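First up is the structure itself, then whatever we jot down about it.
Please treat every number below as a calculation from the coordinates, not as lab data. In this text, all values refer to a predicted model and were calculated from it rather than measured experimentally. So basically every Cβ, Gly included, is an ideal-geometry build from the backbone, and we count neighbours across all protein chains shown.
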Amino acid sequence: MHIPPLTIVHVGAFMTGLREGPKHSVQIKLTNGLIRQGHLVLNFSDRDVARASSFFGSRKFGRRAVNRALLAFCRQHRPDILLLGHADMIEPATLAEVQQAVPGVRIAQWNVDPLFEPDNVRRIRSKLDVVAHTFISTAGQSLEKMREGGHAMSFLPNPVDLSVETGRADHARDLAHDLFYACGNPARPLREICGREWNMDDFIADLARRAPTLRMALAGIGGRPHLHGARYQDVLESCAIGLNISRRADYYLYTSDRIAHLAGNGCVVAIERATGYADYFGENAMLFFSSLDELVDKLKHLVAHPEERMRMGEAGRARYVERFNERAVTQFMVEVIMGIRAPEDMPW
């Protein structure tokens with residue numbers, strides 16, 4: 001069904017020049033997808049507006065001001081949809097005021113943090129009385145539990161955007177690195193991998209011991225600096241395989257959004273089979289493992305057989321782009337928000 005152009009105010013942690021931000025972020029890809037569908041999208045950075053509104057540059061002291069600013073912004077532009085992405089600075093009372101000030105506005109939120117974090121669940125639930133729809137990057141029983149009480153909840157895949165993920169590691173036989181892994185904080189919290197909790201510094205050290213010839217590109221591990229922006233993209237393009245490990249693997253389809261960065265750049269995605277992504281991708285499209293021995297054996301095999309690795313990277317990229325590209329994901333979101341598609345419908 002054709003949806004006429006809509007005005008959408010998208011609230012999230014957008015880059016405004018006040019701070020360093022990742023160009024691979026979900027909010028940028030969702031805005032791109034909405035625009036490419038023909039909608040007018042007005043980005044509103046709640047955190048940076050709060051900082052700019054505070055004499056001390058503090059988000060905390062700018063909370064009241066950013067809520068007033070969003071209300072004024074919505075009054076000025078009269079959006080059809082107010083879309084919130086991790087917009088924790090925005091109070092539910094402000095959203096209720098927006099509903100009064102802009103008759104007919106549809107308010108929705110999206111969240112790509114895990115549902116095994118109680119504080120994240122609390123943040124999601126805090127707005128359920130004033131948002132009509134919620135999109136979460138976890139499916140299965142955890143999503144069903146969030147629906148209790150009649151709340152409209154949908155699974156949100158981590159979108160890929162080929163204007164962001166521009167690399168083609170799957171087309172390169174000789175690359176500088178065999179394996180990429182990045183971690184925000186290796187020790188807190190511990191990651192559960194194949195049934196065991198790991199400090200990721202220790203995990204990578206163990207992996208290096210098991211596969212000493214593996215050439216690894218690492219960020220945030222062993223005190224190494226984190227990667228952002230163009231430098232992060234450069235490193236992704238130089239890696240044959242990407243290790244996609246989240247804090248745990250037993251929440252169906254939950255994963256870090258790094259899965260999209262890896263797949264979109266043609267890197268083979270190495271991911272635990274328990275995540276459920278084997279239901280969507282064949283063994284020829286991603287490196288699935290259920291034990292560390294299986295992971296090490298498959299890494300060694302793909303490094304020794306670059307043509308096979310290239311075919312797997314290409315298949316995984318094609319499959320991920322076909323299913324989870326930014327236009328498909330945002331079209332689904334708009335159809336749900338506008339009442340054209342049922343929230344529980346998963347076209348993936």
Relative contact order for the chain, counting Cα pairs under 8 Å that sit 6 or more residues apart, in percent: 18 percent
Inter-part distance where the range 48-107 and the range 153-194 are each reduced to a Cα centre, Å: 32 Å
Backbone N under 18 Å from the Glu197 label point (7 Å along Cα→Cβ), restricted to the range 248-284: 248-251
Fully extended contour minus Cα-Cα distance, from Arg327 to Arg123, at 0.36 nm per residue: 70.7 nm
Using a Förster distance of 22 Å, the FRET efficiency for Arg75-Ala52 (Cβ separation, nearest 0.05): 0.65
Residue-count net charge about Arg123 - beta-carbon cut-off 10 Å; Lys, Arg +1, Asp, Glu -1: -1
Rounded, prolate or oblate (a/c below 1.5 giving rounded, otherwise prolate when a/b exceeds b/c) for the range 1-160 by Cα gyration tensor: rounded
Helix-derived mean residue ellipticity, 222 nm - over the chain, DSSP H n ≥ 4, -39500 (n - 2.57), to 500: -11500 deg cm²/dmol
Charge tally in the Cβ shell below 13 Å around Ala176, where Lys, Arg are +1 and Asp, Glu are -1, Ala176 excluded: -2
Set of aspartates and glutamates with alpha-carbon distance to Lys300 below 18 Å, sequence-local pairs under 8 removed: Asp170, Asp174, Asp178, Asp206, Glu272, Glu283, Glu308
Neighbourhood net charge (9 Å Cβ-Cβ; Lys/Arg +1, Asp/Glu -1) for Ala263: +1
Cα gyration tensor shape for the range 150-270, rounded if a/c is under 1.5, else prolate or oblate: oblate
Fraction in percent of alpha-carbon pairs per bin - 5 Å, the range 43-115: 3, 17, 27, 23, 17, 10, 3, 0
